[in-house]
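Student: Below is one structure. I have some questions about it.
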Amino acid sequence: MERTMRTLLLVGLLLLSSAAARAEVYHSKESALGLAFPQADRTESRTLTLTAEQVTAIEAQAGPRPESRLVNVYEGWEGDKLLGYAFIETHNVRSLPETILVVLDPQGDSRAVHLLAFHEPPEYEPTEKWLAQFAERSLDDELALRRGVRGMAGSTLTAQAITGAVRRLMAVLQVAVLGASQGPEFSDAATDAATDTGADAAGVTAAATAAGAKATEFR
């Protein structure tokens, strides 16, 4: 029995070491914000505390429900001109996390999505070409998998997690920052796609691993 426990512990340590070895971190928070706002002379941040009513409104607009009522938002400024907003989010894909940067313009439309860190095997990692689909997009029914967003062959959970996160963060901005709490609701067909996204991504609980701890540096 003791030998079996030692063997299981060794296997666990080897798996953890393997996960940490394949983790890729592409940007720090500072370099990510520089990527989001290359013309900015300053970046300001604030923490939003969502009310129950705002959470309901966000879910109605986005499909996926916010996982936390506390959300950090960054603003890029050039003098007195607001350049846009950015969110840095870490969430699980399968059993390990990824961190993405979602950049929105002052009106709340998606400007760009960048991958900051990825701890799953590289074959599940999104390409820059795939992420480019989120440029100049509005929060509407077409911003969903199987509609206006192409899937990723062999990486369905990655595509679902990112698409759901983009929709959710766009809705957070509209509801909690821009005040558009009565924005258009998600249609039934698109809600089904977004619910799949949220269910699959949320079905994997956050693992207390070294890789997960490393990803939270971006929060």
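Bear in mind these aren't lab numbers, they're just calculated from the coordinates by the rules spelled out. The structure displayed is predicted, hence computed values, not measured ones. Every residue, glycine among them, receives a Cβ derived from its backbone with ideal geometry; neighbour counts consider all protein chains shown.
Student: Once you place label points 7 Å from the Cα toward the Cβ at ALA132 and LEU82, how far apart are they in nm?
Tutor: In this crude spin-label approximation the distance works out to 3.0 nm.
Student: Which FRET efficiency value, to the nearest 0.05, is calculated for ALA153 and LEU35 with the Förster distance at 30 angstrom and r the Cβ-Cβ distance?
Tutor: With R0 = 30 Å, the Cβ-Cβ based efficiency is 0.65.
Student: Taking loop as defined by DSSP and a crowding limit of 13 other beta carbons within 10 Å, which trypsin sites (Lys or Arg not before Pro) in the stretch 62-120 fit?
Tutor: ARG69
Student: GluC sites (Glu not before Pro), restricted to the stretch 102-153: which are DSSP loop and have at most 13 other Cβ atoms within 10 Å?
Tutor: Listed in order of number, the matching sites are GLU136, GLU142.
Student: Counting only the backbone N, which residues of the stretch 110-126 are under 16 Å from the spot 7 Å out from the Cα of VAL25 toward its beta-carbon?
Tutor: Residues passing the 16 Å test: 115-120.
Student: While we're here: Testing the spin-label approximation: label points 7 Å from Cα along Cα→Cβ at ASP109 and VAL177. State their distance in nm.
Tutor: About 1.6 nm, to one decimal.
Student: A further question on this structure: Between SER45 and GLU67, what FRET efficiency follows from the Cβ-Cβ distance if R0 is 30 Å, with the result rounded to 0.05?
Tutor: After rounding to 0.05, the efficiency reads 0.95.
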